[in-house]
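Accompanying notes for the structure given below.
Just so it is clear, none of the values below were taken in a lab; they were calculated from the coordinates. Predicted, not measured: the structure shown is a model, and the values here were computed from it. Here the Cβ positions follow ideal geometry from the backbone for every residue, glycine too, while neighbour counts run over all protein chains shown.
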Amino acid sequence: MALERDWYTTGEAARELGVAPSTIRGAAMRGTLKVEVVAPRMRVIMREEVERYRREHLGKNWDARRSGVIDERNAAYHREYRARKKSEKAATAANTARSDVASVD
């Protein structure tokens, strides 16, 4: 039987919120996430504090971020951007080749 705790370690809070542990540490340093020091190198975040942070700081797009919708839109944008840059590079190379041929004549 798993022991139900009222607190998370930094890593556990990060996994629960879907962010990096460095994000949790940064929020604690800025004071946007209240942590309790229980030992010189051990900080804990209460369960209620994690839920408050989720509501107040992760924003409206939290569900979309967690579901991957925003990641897919971002990936689609970057695919289109790379395709556009590739075609621009090909057009520039073709124009340069034409101008080189014209200058030889």
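When Rg and Dmax are taken over the Cα atoms of the range 1-58, they come to 10.9, 37 Å. Computed extension length for Arg5-Val38: 10.4 nm, one decimal, from 0.36 nm per residue of separation with the Cα-Cα distance subtracted.
Protection proxy ranking of 32-40, 74-82, 14-22, by the mean of other Cβ atoms within 10 Å over each peptide's residues and highest first, is 14-22, 32-40, 74-82. Positive-end ranking of Ala13, Val44, Met29 along the dipole of the range 1-58, with charges on Cβ about the Cα centre, is headed by Met29.
Taking amide H as placed 1.01 Å from N in the peptide plane, Trp7 has its amide H under 5 Å from the amide H of Arg47, each at least 5 places away in sequence or on another chain.
The amide H of Leu33, built 1.01 Å from its N in the peptide plane, has Ala28 as neighbours under 5 Å, considering only residues 5 or more places off or on other chains.
When Lys and Arg each count +1 and Asp and Glu each count -1, what net charge do the other residues less than 14 Å away from Glu80, Cβ to Cβ, add up to?
On the way: positive: Arg73, Arg79, Arg82, Arg84, Lys85, Lys86; negative: Glu72, Glu88.
Summing Lys/Arg as +1 and Asp/Glu as -1 gives +4.
Remark: spin-label model distance Ser87-Arg54 equals 4.3 nm, labels positioned 7 Å along the Cα→Cβ axis. Whole-Hz Karplus values for the range 92-98 come out as 5, 5, 5, 5, 5, 5, 5 Hz, taken residue by residue from phi with 6.51 cos²θ - 1.76 cosθ + 1.60 and θ = phi - 60°; glycine and proline positions read x.
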